[in-house]
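See structure below.
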Amino acid sequence: MEVINTIGRRKTAVARIYLTPGKGEIKVNGRDYKEYFPFEVHQIVLQMPFVTISGNNGYDVKVNVRGGGISGQAEAVRMAISRALVEYNGEFRGALKKEGFLTRDPRMVERKKYGRAKARRRFQFSKR
């Protein structure tokens, strides 16, 4: 099997991953994923595709992720891993799609409008 290269996005975070056969190591920006994502919630989000297909026994994942916050990055990596697993074996598609890992979440931060403090918040009104 050659290297499978996929991309995942969430909000403004973009994750590019390289999936290869191996021992199950996950490196994020050159560091171990448990070091890069110190919170257990994000580590679980990252592992979800492998748990869904029952096991990360044979895949090494190298991740380059940038932009957004830590939660957006974790979900972007999850999407990229899911896409790579489907590309590797099409039988995984049904289970991963059912969990919603292959669907791009379109929600983005609403832009700030002129004449407003934020996107919808108005400046404080003063009667006098």
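Here the mean projected area of the convex hull built on the C-alpha positions of segment 4-99 is 5.3 nm². In the elastic network of the chain, a GNM with C-alpha springs shorter than 10 Å, the most mobile of Asn64, Asn89, Asn29 is Asn89.
Rounded to the nearest 20 debye, the dipole magnitude of segment 14-128 is 1440 debye, with +1 charges on Lys and Arg beta carbons, -1 on Asp and Glu beta carbons, and the Cα centre as origin. The chymotrypsin sites (Phe, Trp or Tyr not before Pro) of segment 1-90 meeting both criteria, a DSSP state outside H, G, I, E and B (loop) and at most 15 other C-beta atoms within 10 angstrom of the site's C-beta, are Phe39.
Where in segment 1-83 are there GluC sites (Glu not before Pro) that are in a DSSP coil and have at most 15 other Cβ atoms within 10 angstrom of their Cβ?
Sites meeting the loop and neighbour criteria: Glu2, Glu25.
Relative to the longest principal axis of the Cα atoms of the chain, helix 40-52 runs at roughly 50 degrees.
Would you mind calculating the relative contact order of segment 75-128 from Cα pairs under 8 angstrom and at least 6 residues apart, reporting the percent as a whole number?
This gives 22 percent for segment 75-128.
For segment 49-128, the alpha carbon positions stretch 69, 25, 17 Å along the principal axes, listed from largest to smallest. Ranking Val86, Ile7, Gln43 by how far each Cα lies toward the positive end of the dipole of segment 4-99 (charges on Cβ) leaves Ile7 at the top. Extension gain for Ser71 to Glu91 (0.36 nm times residue separation, less C-alpha to C-alpha distance): 4.4 nm. Working note: 222 nm ellipticity from helices only, DSSP H runs with n ≥ 4, each -39,500 (n - 2.57), summed and divided by the residues of the chain, gives -10000 deg cm²/dmol to the nearest 500.
Of the residues Gly115, Val65, Thr20, the one whose Cα sits farthest towards the positive end of the charge dipole of the chain is Gly115 (charges of +1 on Lys and Arg Cβ, -1 on Asp and Glu Cβ, taken about the Cα centre).
Annotation: extensible slack from Phe123 through Val41 equals 25.9 nm (criterion: 0.36 nm per residue apart, minus Cα-Cα distance). Across segment 4-99, Cα pairs under 8 Å and at least six residues apart give a relative contact order of 42 percent.
Values quoted throughout were computed directly from the atomic coordinates according to the rules given, and no laboratory measurement underlies them. Note that the structure is predicted; figures quoted are calculated from it, not measured. FYI the Cβ positions are ideal-geometry reconstructions off the backbone, even for glycines, and counts take in every protein chain you see.
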